[in-house]
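First up is the structure itself, then whatever we jot down about it.
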Amino acid sequence: MLVKQESLKTYFHNYLHSALHKHCVHAEDHTINYLTNLLDSFSRSDNFFDYDEGRSPHKPLAQYYSDAVNSCSKYEQNCALRRLGDLSLFIVGLFSDSLNSKAVDVDYYVAMGGSAYGHLSESNHKNVQNTCLSNVFCELSNKFVDFADVLSDVNENQSYSNKNILRTYEVWLRTQSKRARNILIKQGIQPIMHSSSMIEQ
């Protein structure tokens, strides 16, 4: 991806405004800034990968949750939850296809990430000085799938094979993603949720 702008952060900020409009998703300015910083931060591999965890790019999500539960301080707990939420959102948004062959799929990441942001919102809400941050995490939690759809535009590919379509349909079944639904409709497929075919969350 070639970015012809002075600042990568500026590029991501402009991209987010465009993608939010495209997907008809409303976001507060502070939330847009948070997502801009998230994309900018994870564009550097040293911020995305946990190099001390061996060959795996990052710890399993359950480990971050365990770190939060067993933390010795509120600060450490919030750091673990934030890492859990940020990684989940980034992976669902940009790399959901990579989860196809994993033991857990996209709905697991959505549940873990949304829950982590929800806990962060409650934690920061108790501190008057962090009210703004609490609102950001609340919006990220409540619109997790919508924001993942927005981030996915970074890797937008207009060429869909049969395998891509099947995966897109599976993502829609698991998350009810508006983006996945629109892609299916553009391919001539009308997604219908049958009670007998619903995937357990």
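Worth pointing out:
- Loop trypsin sites (Lys or Arg not before Pro), the stretch 78-147 (other Cβ atoms within 10 Å of the site Cβ: 12 or fewer; DSSP): K102, K126
- The residues neighbouring V25, those whose beta-carbon lies less than 13 Å from its own, together hold a net charge of -1 under the Lys/Arg +1, Asp/Glu -1 convention.
- For the stretch 8-197, the relative contact order is 19 percent, taking Cα pairs closer than 8 Å that sit 6 or more residues apart in sequence and dividing their mean separation by the residue count.
- Phi-based couplings in Hz for the stretch 76-83 (Karplus 6.51, -1.76, 1.60; Gly and Pro marked x): 5, 4, 5, 5, 5, 5, 5, 4
- Net charge, F42 excluded, C-beta distance under 15 Å - Lys, Arg +1, Asp, Glu -1: 0
- Volume per residue that the Cα convex hull of the stretch 8-197 spans, once the total is divided by residue count, Å³: 142 Å³
- Less than 5 angstrom separates the built amide H of I189 from none of the residues sequence-distant by 5 or more or on a different chain.
Taken together, the values in this text are just the output of simple stated rules run on the coordinates, not laboratory data. All values reported here derive from a predicted model rather than from experimental measurement. Cβ coordinates were reconstructed from backbone atoms using ideal geometry, including for glycine residues, and neighbour counts include every protein chain displayed.
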